[in-house]
Amino acid sequence: MNEIPPPAAVHQHRFTGRVPGSVLFVQHAKSLGGSAVSLLYLVQSMRDAGIDCTIALALHSQALEEFYAQAGIRVIAADGLVCWHHSTVAQRHFTNPRHVGELCQIAASWRSTRDATLRLVDRIKPDLVHLNSMPLSASAQALTAAAFPYVWHVREPPQDQGYRTAFIRSLMQAAPACVFITEYDRQQWLGNSTAAATIVPNAVPDFWFEPTHQHRPLQDHVKFAYLGGLKLTSKGASVLLDAFRILARTSQRWQCVMPGALTDVSDWTHRLPVGGLIRAAGVGGQAEKLLAGFQSLGSAVQLLPSTAAIHDIMKCMDFVVFPAVYPHFPRPVIEAAALGLPAVGSDVGGVNGCILHGETGLLSPAGDAHALALALQKMIEDSRFRLELGNRAYQRALAIHTLSAQQKAISQIYAQVLLGGSSLLPGG
């Protein structure tokens with residue numbers, strides 16, 4: 001990870017105006033999740049502002065390539081980029097051989113990733129590079145060393161305060177500008193540092209902003225949605241299952257709709273040659289075990305595959321639940337708020353910045369199934385309470401989560417970076 005000079009051919013940016021003519025967005029993710037959707041909305045808003053946008057995929061993903069291409073966005077492969085495993089689900093421990101192997105792979109590929117980043121810039125010749133998340137740390141270091149203008153969009157908090165976090169923090173402090181999606185994330189990464197950093201909340205497209213409680217069909221039970229899937233432990237599906245088992249003993253009528261749950265069942269045992277033997281021995285993946293638990297609840301849970309029709313599903317809900325057990329940004333919560341729906345979530349960083357307890361939703365201690373069940377029961381049994389919370393959630397989303405507000409804020413950051421400005425202040 002030593003300093004290396006940039007290739008002589010690296011493109012020198014040609015910016016002369018107040019906004020860039022072209023921006024290269026580098027996407028770290030491999031699957032269709034919250035960060036991928038957030039990037040899509042951001043790129044669409046920048047195109048609407050007249051900026052030529054290209055998305056480069058650091059990891060090959062047919063699903064993401066099609067996802068962005070269907071929106072008319074130019075998508076290319078960013079060959080040779082290696083990035084950290086996503087921090088929201090990937091704590092790394094030196095006592096775990098697999099983790100040590102992954103860290104060694106990152107270290108061995110650091111120099112080549114930096115070179116590949118600069119070759120990518122020279123190939124596309126953008127006015128500015130927008131790194132979509134923290135895992136693109138080697139690319140950030142390369143762009144800093146080359147004095148090429150870039151914005152580092154940090155979409156997650158660190159999972160620990162170890163050596164890796166300290167190293168990445170030093171890179172962020174040297175970046176022209178870091179964008180954080182919550183104050184919690186900024187504080188965890190930079191604390192009281194004077195690094196160029198600002199908070200720009202994730203956004204929801206304009207078409208989402210329509211309170212739907214007046215249009216939802218009459219039903220004899222309360223419906224709510226969980227959109228975290230079954231595979232990632234950080235999403236809290238196991239806690240949710242325990243809470244449902246408690247709720248099942250009450251007299252309330254409810255149903256939870258779970259898009260993406262069936263997709264997660266295609267876990268690693270299905271892809272291994274000996275997968276059948278593994279499953280026969282009862283050693284299924286976490287998703288399979290959770291699926292069986294949710295299925296045992298019968299019609300109270302509606303399990304669905306992944307779908308792009310999340311908006312249509314959420315319009316029919318009464319609220320959403322987001323029981324993350326680690327700090328996490330809850331995109332379903334702000335999407336629900338844009339529809340005038342409250343949320344039940346866990347009191348962790350990111351989630352508690354999007355749900356104001358008793359005002360726009362309810363919070364419960366992370367990992368506490370009994371407390372989560374009580375919060376869900378309160379939301380289920382009191383329709384007037386839900387309506388009041390949903391109305392306040394809508395007003396708050398309208399104030400801070402619109403795409404126009406995000407586009408304006410990011411555009412200002414682009415201009416400051418390209419003009420060599422240093423007026424970005426922590427939390428500003």
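Of note:
- Calculated translational diffusion coefficient of region 325-364 (4 °C, 1.567 mPa s; Stokes-Einstein with Kirkwood radius over alpha-carbon pairs) equals 133 µm²/s.
- Summing Lys and Arg as +1 and Asp and Glu as -1 over all other residues whose Cβ lies under 10 Å from the Cβ of PHE329 gives a net charge of 0.
- Within straight-line cross-link reach of LYS408, aspartates and glutamates at Cα separation under 17 Å, skipping those fewer than 8 residues along the same chain: ASP48, ASP52, ASP206
- Sum of side-chain charges, LEU190 neighbourhood, beta-carbon under 14 Å (Lys, Arg +1; Asp, Glu -1): -1
- Across all Cα pairs in region 206-400, the calculated P(r) in 5 Å bins from zero up to the longest distance comes to 1, 8, 17, 20, 20, 15, 8, 5, 3, 2, 0 percent per bin.
- Charge dipole (Cα centre; +1 on Lys/Arg Cβ, -1 on Asp/Glu Cβ; no other charges) of region 206-400 amounts to roughly 280 debye.
- Under 17 Å from the Cα of LYS231 - aspartates and glutamates, other chains or at least 8 residues apart: ASP242, ASP264, ASP267, GLU288
- For SER22, the residues whose modelled amide H falls within less than 5 Å of its own, excluding neighbours fewer than 5 places apart on the same chain, are ASP52, ASP127, LEU128.
- The peptide list 319-329, 294-304, put in order of mean Cβ contacts within 10 Å with the highest first, becomes 319-329, 294-304.
A short reminder: the numbers here are calculations on the coordinates, not readings from a lab. Note that the structure is a prediction, hence the values are computed from the model and not measured. All Cβ positions, even for glycine, are placed from backbone atoms using ideal geometry, and neighbour counts span all protein chains on display.
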